[in-house]
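The values are calculated or read from the model by the stated rules, or taken from the named source; none is laboratory data. Quick caveat: nothing in here was measured; it's all calculated off a predicted structure. Neighbour counts are summed over all protein chains in view; Cβ atoms, including those assigned to glycine, are modelled from backbone coordinates with ideal geometry. The area values use the complete protein model at the heavy-atom level, side chains included, leaving out ligands, DNA and RNA. Shrake-Rupley method; radii C 1.70, N 1.55, O 1.52, S 1.80 Å.
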Amino acid sequence: EPEVTQTPSHQVTQMGQEVILRCVPISNHLYFYWYRQILGQKVEFLVSFYNNEISEKSEIFDDQFSVERPDGSNFTLKIRSTKLEDSAMYFCASSWTTYEQYFGPGTRLTVT
Amino acid sequence: AQSVSQHNHHVILSEAASLELGCNYSYGGTVNLFWYVQYPGQHLQLLLKYFSGDPLVKGIKGFEAEFIKSKFSFNLRKPSVQWSDTAEYFCAVLVWDGGYNKLIFGAGTRLAVHP
């Protein structure tokens, strides 16, 4: 069964550094999402992406964040200058229609 | 504002006990509801979903959920849990904004099943 994959599984970075989290959505899916879960808190929506542009973003998704689908298969989340509070599990999701989202295994980002 | 509330943060049960996890939502639009499960070290997996029709929805692994519109609830049930059901369970509502959507999650309920 096709799956959403994410790399790396765990990323450790220093405050102020840029990180890129990578996701490979299911191949025929059209809608792409990033969510994050700070330890002990709920899963929160960050951004949705359709037709090569952001369709919606949350207030968390400020100018430090960007998303890209550089080559038709990968979907990346970039954080330009990481802060301690960016430490979280980041989940990518994709869907064929706008209804059912399939989630990847997550990338645990630790900012020191 | 849209929100999802899960009443129990931690639930501990013995095998064969019955399970009910509460979920209430606040959203004024068309309701699409989901339960996701996250087993230790694994990703979020869809357990079941409600879009329309029969309010009693059956999912994988013997789980079911009942949508009660008047109570804004979508509680998850299983008549007899197993040790392998130990996981975190998330209720979510699909929120629409224009032609696009996002999932709003509850805080999750961590279930521990003892043999």
Descending accessible area (1.4 Å probe), largest on the left, turns B:D97, A:D86, A:D63 into A:D63, B:D97, A:D86
Can you give the three extents of the C-alpha atoms in segment B:3-114 along their principal axes, from longest to shortest, in whole Å?
45, 28, 22
If the only charges are +1 at each Lys and Arg Cβ and -1 at each Asp and Glu Cβ, what is the size of the charge dipole of the protein assembly as shown around the Cα centre, to the nearest 20 debye?
300 debye
Carbon and sulfur together cover what percent of the accessible area of the protein assembly as shown at a 1.4 Å probe radius?
49 percent
For A:K83, list the lysines whose Cα falls under 30 Å from its own Cα; do not include residues on the same chain fewer than 8 positions away.
A:K42, A:K57, B:K102
At 1.4 Å probe radius, can you tell me the per residue accessible area of segment A:5-104 in Å²?
49 Å²
How large is the dipole of segment A:5-104 about the Cα centre if only Lys and Arg carry +1 and Asp and Glu carry -1, each at its Cβ, rounded to the nearest 20 debye?
220 debye
Looking at the protein assembly as shown, what % of its DSSP beta bridges pair antiparallel, to the nearest 5?
90 percent
Report, ordered by chain and residue number, the lysines lying within cross-link reach of B:K78, taken as a straight Cα distance under 21 Å and ignoring same-chain residues fewer than 8 apart.
B:K49, B:K58, B:K61, B:K69
Any idea what log10 I(q)/I(0) is at q = 0.11, 0.14, 0.15, 0.17 Å⁻¹ for the protein assembly as shown, Debye with uniform C-alpha scatterers and no solvent?
-0.55, -0.89, -1.01, -1.25
Return the value, in Å² to the nearest 100, of accessible area buried between chains A and B (probe 1.4 Å, both sides summed).
1900 Å²
Equivalent ellipsoid semi-axes, chain A, via Cα gyration tensor eigenvalues times 5, rooted, Å
22, 14, 13
Give the accessible area for B:S26 in Å² (nearest 10); use a 1.4 Å probe, count only protein heavy atoms, and leave out ligands, DNA and RNA.
50 Å²
Dipole axis of the protein assembly as shown (+1 Lys, Arg; -1 Asp, Glu on Cβ), positive-most option in A:V12, A:P2, B:P40:
B:P40
